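Since the structure comes first, as structure tokens, the remarks are kept for the end.
Coordinate-derived values only; no laboratory data. Note that the structure is a prediction, hence the values are computed from the model and not measured. Every residue, glycine among them, receives a Cβ derived from its backbone with ideal geometry; neighbour counts consider all protein chains shown.
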Amino acid sequence: MKAKKGFELQNVCGEYIIVPAGIENVDFSRIISLNPTAAFLWEKVSSLEEFTIETLVEALLEEYEVEEAVAREDCLLMVERWKELGLVEE
Amino acid sequence: MKQQTGTVKRVDNHSFMQEIRRLFNEGNRKSVTFVVKGVSMRPFLESGRDKVVLAPPRKPAIGDVVLAEIRKGTYALHRVIEIEGDTYIMRGDGNPLWMKESFHEDDIVGIADAFIRKGKLVPVNSRKWRRYSSLWKLLTPLRRIILAIYRRI
């Protein structure tokens with residue numbers, strides 16, 4: 001899968017949010033916010049051409065003290081959400 | 001790691017205003033939309049329900065609804081009612097008549113382009129907004145009574 005282009009990750013008042021680049025209106029009343037871990041992973045994959053669940057799991061294991069099985073489960077859930085939100089595509 | 005959906009995040013007012021300024025300064029954003037808080041623009045805007053679509057700072061005219069820093073760290077979204085040289089005087093529709101705030105051009109965070117009231121877009125150049133504005137001005141003598149009634153319903 002790949003991260004869709006045209007989304008900017010920004011840190012606004014300590015919250016990580018994703019705003020569409022190039023759109024002239026920023027609507028703070030409907031915004032996608034990511035927690036720091038998700039933001040870290042988004043940063044990782046948004047610069048890649050393609051990525052898999054393994055890419056995310058590896059990145060997570062490198063950065064955080066977490067069991068691989070737990071990391072994988074979390075990544076799967078997160079990617080599902082990202083797909084729903086239209087942030088990634090197959 | 002789950003993302004929250006449909007939740008409301010509250011951010012510190014001052015840093016949010018700084019953020020809006022930064023977005024406008026970058027130059028490629030023409031408007032910023034957010035939910036209003038406070039009762040000063042009643043009866044048109046209700047805190048937590050309605051939104052304002054804010055355009056970047058420019059020279060305001062009488063009748064413009066401006067978001068400005070009125071004292072260090074204190075911001076208000078009010079209607080400009082007087083201009084005296086480089087000082088602008090504004091007052092919230094829902095505030096008492098004596099409650100005026102002044103600001104200068106540098107204090108402007110943005111100027112309302114439109115409102116989203118009960119989910120409906122109301123641009124400031126729309127008939128609806130203009131009609132409401134002149135009606136509210138006309139009703140100035142009755143303002144206290146209307147607002148008092150409004151608070152009870």
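Across peptide A:28-35, the mean count of Cβ atoms from other chains lying within 10 Å of each residue's own Cβ comes to 5. Taking every full run of DSSP H in chain B, none both stretches at least 30 Å from end to end by Cα along its long axis and averages -1.0 or higher on the Kyte-Doolittle scale. Look at B:W98, B:W129, B:W136 and count the other Cβ atoms within 10 Å of each Cβ; fewest to most, that gives B:W98, B:W136, B:W129.
Cα convex hull, the stretch A:42-90: 71 Å³ per residue, rounded to a whole number. For chain B, the orientation-averaged shadow of the C-alpha convex hull comes to 10.8 nm² (one quarter of the hull surface). The alpha-carbon of A:K2 sits under 19 angstrom from the alpha-carbons of these lysines, leaving out residues fewer than 8 places away in its chain: A:K44, A:K83. Reducing the stretch A:13-37 and the stretch B:33-71 to their Cα centroids gives an inter-centroid distance of 21 Å. In the structure shown, the pairs B:K59/B:K120; B:K59/B:K100; B:K9/B:K37 are assessed against 21 Å; a Cα-Cα span above that value is assigned to B:K59/B:K120.
Residues of A:12-18, mean number of Cβ from any other protein chain within 10 Å of their own Cβ, rounded to a whole number?
Details: counts 9, 11, 4, 2, 1, 2, 1.
Mean number of neighbouring Cβ atoms from other chains: 4.
Out of every Cα-Cα pair in the stretch A:2-89, what percent are more than 16 Å apart?
Details: 2008 of 3828 pairs.
Across the stretch A:2-89, Cα pairs with separations above 16 Å total 52 percent.
Calculated on the Cα set of the stretch B:78-129, radius of gyration then Dmax: 12.9, 38 Å. Taking every Cα-Cα distance in the protein assembly as shown and sorting them into 10 Å bins starting at zero, the pair-distance distribution P(r) comes out as 7, 27, 28, 18, 12, 7, 2 percent. Per residue of peptide B:49-56, the mean number of Cβ atoms on other chains within 10 Å of the residue Cβ is 1. Dipole orientation for the stretch B:13-152: of the candidates B:L54, B:I83, B:L147, B:L147 has the Cα lying most toward the positive pole (charges on Cβ; Lys, Arg +1; Asp, Glu -1).
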